[in-house]
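Participant: Would you mind keeping the following structure in view while I ask a few things?
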Amino acid sequence: MLAVESIVDLRREIALLRRQGKRIAFVPTMGNLHAGHLKLAQIARQHADAVVASIYVNPLQFGPKEDLAAYPRTPEQDKKGLEAEKTDILFMPTDAEMYPRGLDVMTKVEVPALGDILCGQFRPGHFRGVTTVVNRLFNLVQPDVAVFGKKDYQQLMLIKLMVADLGLPIEIVGVDTVREADGLAMSSRNNYLSPAERQTAPKLYATLGRLRDRILKEGAVRPGMEADTARELETAGFRPDYISIRRAADLAEAGPQDKALVILAAAWLGRTRLIDNLEVSVQI
Ligand code: PAF
């Protein structure tokens, strides 16, 4: 695996792969890689001849009171993991390379409406930061296919919309969430949990599972289900930002007539914000 920091070096290596006629898959990450990220690299390999990954902790997607400075950075361990997955190129740009004119004045890419609900409502500007950096990375890497985790369900949908809106010739592949043995979705932010919080954390997924079972039992989404689940989470020790049953296709609020659903949740445990989701298919 070749690790490069500059755009000049990245472009030279990408051009080399192109001259060899290789199809390129791209896995953007913020590092501190766990088994979920490595699965993205594995799936990327199934879709292409060469895999490019990036590690960049993007300041533009962190709010002023969020954990940018504390975000875990483990580059040496990450390199080993990506190498083991036979990644061809690792792009690790600096801030100056990604935002040479400065964060405030660089062009931004925004997907309105879908970017303003759910996590977008609680983290203003977050998704604008995500779509801006992903669009820039796409332009630098110019992949045929890019791979994202379904754990960030709303992010995945926004990137699909951005790609369609901007006419980018990139196939977007979503990969199922990788979980710990107790059900907790893998996330770099799980490192922030205290031992007691780590014991509680799997209850987020378990609670979503109970809501799914209730929807399936009743055969439809009913008023009050989300509020009941929010209360369950509070009783377990979480402070929910939201718990919401949405249409899987467009994340609009789901009603009794909708069958392809996704339950999305964001909830705090102490100072750690966890997100998770669960797709539900109601049989007719
Ligand atoms: O999902 C992430 O790790 C980040 O949001 C991404 C897509 C790498 C953009 O910084």
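Participant: If the Cβ limit is 7 Å and pairs must be 6+ apart or interchain, which residue in segment 71-90 that is within 22 Å of Gln46 (Cβ to Cβ) and touching a residue at least 12 places away in the same chain (Cβ under 8 Å) pairs with which residue that is assigned to a helix (DSSP H, G or I) and polar (S, T, N, Q)?
Facilitator: Glu85/Gln42
Participant: What are the residue pairs meeting all of these: first residue in segment 129-141, first residue under 16 Å from Glu171 (Cβ atoms), second residue assigned to a helix (DSSP H, G or I) and within 9 Å of the ligand (Cβ to nearest atom), Cβ atoms under 6 Å, and 6 or more apart or on different chains?
Facilitator: Close Cβ pairs (under 6 Å, with a partner that is assigned to a helix (DSSP H, G or I) and within 9 Å of the ligand (Cβ to nearest atom)) amount to Val134/Ile159.
Participant: A further question follows. Are any residues in segment 23-44 within 18 Å of Gln142 (Cβ to Cβ) and in a helix (DSSP H, G or I), and if so, which ones?
Facilitator: Ala44
Participant: Could you list, in sequence order, all residues of segment 211-220 that are loosely packed, with under 13 Cβ neighbours inside 10 Å and assigned to a helix (DSSP H, G or I)?
Facilitator: Within segment 211-220, Asp213, Lys217, Glu218 qualify.
Participant: Still on this structure, I have one more. Hey, any hits in segment 140-149 for a residue that's assigned to a helix (DSSP H, G or I), surrounded by 20 or more Cβ atoms within 10 Å (Cβ to Cβ) and either at pLDDT 95 or above or within 16 Å of the ligand (Cβ to nearest atom) (or both)?
Facilitator: Taking every residue of segment 140-149 in turn, at least one turns out to be assigned to a helix (DSSP H, G or I), surrounded by 20 or more Cβ atoms within 10 Å (Cβ to Cβ) and either at pLDDT 95 or above or within 16 Å of the ligand (Cβ to nearest atom) (or both).
Participant: For Leu204, indicate whether it is part of a helix (DSSP H, G or I), crowded, with 19+ Cβ neighbours inside 10 Å and touching a Pro at 6+ places or on another chain (Cβ under 8 Å).
Facilitator: Answer is no for this residue.
Participant: Considering each residue of segment 221-272, count those that are in contact with a Cys (Cβ under 9 Å, 6 or more places away or on another chain), surrounded by fewer than 20 Cβ atoms within 10 Å (Cβ to Cβ) and of a type outside the set (Ser, Thr, Tyr), and give that number.
Facilitator: So the count comes out to 1.
Participant: Pairs please, first residue from segment 56-68 and closer than 26 Å to Val141 by Cβ and part of a loop (DSSP other than H, G, I, E, B), second anywhere and near the ligand (Cβ under 10 Å from one of its atoms) and of a type in the set (A, V, I, L, M), Cβ atoms under 6 Å, 6+ apart in sequence or on different chains.
Facilitator: From segment 56-68, the pairs are Val57/Met30; Asn58/Val133.
The values are calculated or read from the model by the stated rules, or taken from the named source; none is laboratory data. Note that the coordinates shown come from a computational prediction; the quantities given were computed from them, not determined experimentally. All Cβ positions, even for glycine, are placed from backbone atoms using ideal geometry, and neighbour counts span all protein chains on display.
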